[in-house]
Structure formats: C-alpha cells, structure tokens
1. Calculate the spin-label point distance for D123 paired with L222, positioning each point 7 Å from the Cα along the beta-carbon direction, and give it in nanometres.
2. Between E190 and K230, take the C-beta separation as r, use R0 = 25 Å, and let me know the FRET efficiency to the nearest 0.05.
3. Could you run the Karplus curve 6.51 cos²θ - 1.76 cosθ + 1.60 with θ = phi - 60° over the range 93-99 and give me ³J(HN,Hα) per residue in whole Hz, x for Gly and Pro?
4. List the pairs from K14/K51; K109/K133; K29/K56 whose alpha-carbon separation is above 18 Å, in the order I gave them.
5. Which value in nm describes the separation of the simple spin-label points at K144 and M262, placed 7 Å from the Cα toward the beta carbon?
6. Just add up the charged neighbours of K14: K/R +1, D/E -1, any other residue whose Cβ is under 14 Å from the Cβ of K14.
7. Give me the net charge of T227's neighbourhood, meaning all other residues with Cβ under 12 Å from the Cβ of T227; Lys, Arg count +1, Asp, Glu -1.
8. Rounded to the nearest 500 deg cm²/dmol, what is the calculated helix-only ellipticity per residue at 222 nm for the chain, with -39500 (n - 2.57) per DSSP H run of length n ≥ 4?
Amino acid sequence: MSDEIVIQTRALGKVYRDFWGRQKVRALKPLDLEIRRGEVFGLLGPNGSGKTTTIKLILGLLFPTEGEALVFGKRATEVSKNERIGYLPEESYLYRFLNAEETLDFYAKLFDMPAEVRRERVDSLIKQVGLDKARKRQLQEYSKGMTRRIGLAQALINNPELILLDEPTSGLDPIGTREMKDMIIRLKEEGKTVVMCSHLLADVQDVCDRIAILHQGELKELGRVDTLLKVADVTQIQARNLTVNCQNEIREVISRHQGELMQMDNPSTTLEELFLSIVRDSEARPGRRAQVEQSTKAPV
C-alpha cells in the first residue's frame, strides 16, 4: 500500500428529498475518508447504513448534497475518471440473451479495444472467474452465483486501477465465496485498489486492510482490521505436544503472577475451512468419507 490517495471524501453527505423538495432520508452524514493505492478497503454496515450511497457518490452516479468526493484527484462527477474504474453493482444488469463471451466482448468494445486484445482479455477473464465450461451458455441460464462471477469479469474488462465491489459474495456458495475472496487478494497483489462494501463480517475480515463501519449514514469506526480486532488485555499462547504436567505448571505460573486462566483447550477451525477441506478431500478421493486433518495445537 502506497501513500498515494486514490479516493478522498470531504464532508461528503447525501439527502434524498421528496417531490416537493422536503428531506425524506438522510442517507449519508458528512463523511471524511482517504483510501490509498494498493489497499483493500471495506465499507461495513447493516442494510441501509449508507454503503451503496457512498459507492454511487464516488462513481458520480449520484450528486452529493454537501461536500465532495475526489477520485484520482478529480471530482467524482468527472466522467473521464471512469476509464480507470471497474464496478460490480449489488445487482448485475446484464443482457440475458448473450453468453459470457458475447457479454464481455460487448463491454470491451466500449473501451475501444482492438479485436485481438479483446479476445485475449475475454478468454483470460472467463477462466479467471471460473466460467470456462459455461462460456457459451446464455446468461438467462446462469445461477445467481454465476451471474456474480460474470459481473466481476465485466468489472475487470478494462484492467482498471480501482475496483468498486458492492456485496461481491452475494448469492455465492462457500466455494464461490472463497474463490471471490482469493480473487480480491490477487487484485491487491497486482497493485489494484479495491473498495468493497458488505454486511457479511467474515468476508470483510478475511480480505480488507482497513475498514469503515457505517450505521444510519454515519461513520462509527475507521482503522486497520488487525488493530480493531485485537483484544489488548488477553494474551494467547499456542503450543504443540504439551504433557499434562507441563500444562499444570503453566496454570501454576499464571496463578502465581495473579493472572486469570480463561481457556486451555484444543483450537477450533472455522466452519468455512472445515467445509472447504471436506469438499477438496471429496474431490481428491471420490466415494470415500472425507478425512479432515485435526490440529493438535493447544492454546493457553
């Protein structure tokens, strides 16, 4: 992550009004943010917290009621900046009667790509999002998860520097969710800046460097994920192959120093990791019961 600021908002706010100009909903209260090149930034909050409104203000799809948003140093309302941006909306509005190749080729033409470059880019993206076997099927036959995948490919067609993702894992099964998160991490490794909004806490925790938590249109928290999640007054120790006598000695040491032993047990994995390991084992050894490796580490 560099010090270059890609997105900056200054007291950015949005009020939706009714037909007579009266305030109907204050969707976003004055928001100050700086998002730097090469980071994965998460906008986190419950439905109706202002996440999508913020994304649309950054894209210039909405005009702010107050303040301003700058993208690549330009006002968000300047259309020229969009050539460097990829956007995956919460609902992908694509042409149902086109297949994956035709869809991506259509969007590639909007960026005046030469035919040979288009073919290479389309083929690469279809493989990248895992739709190689469904590239000739019409989009109306796609599941919601497949539609999210082709939507991501469409957002990446112009090889953008900045990618905005609105609920990127919506409709995906656990395998698809993991693959989507892996793709986001790869985009970061390529030097891209990714802004994603979600109400799924695990997705944000797994991939984001920093997060902003919004609630009722107001910024409630901002910082690095690892810093915000750290519990300062609890120390965790992981060890392997401890004897019972050794564990008893550890308990005595903690007690002697007026510490409180909160837990000494075997660690647990996440349900996501368990599910993925079972699926991988099933694919490697079809017809047999999955064998999941159990960890022997014991945290203190």
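1. Reported label-point gap for L222 and D123 is 4.5 nm.
2. The computed FRET efficiency comes out at 0.30.
3. 3J(HN,Hα) across the range 93-99, in whole Hz: 9, 10, 6, 5, 9, 9, 8.
4. In this structure, K109/K133 lie more than 18 Å apart at Cα.
5. 3.6
6. Here the count lands on +4.
7. Counting the neighbours of T227, the net charge comes to 0.
8. Only helices count here, giving -10500 deg cm²/dmol.
Here, each number is a calculation from the coordinates, and none is a lab measurement. A quick note: this is a predicted structure, and the numbers were derived from the prediction, not measured. Cβ coordinates were reconstructed from backbone atoms using ideal geometry, including for glycine residues, and neighbour counts include every protein chain displayed.
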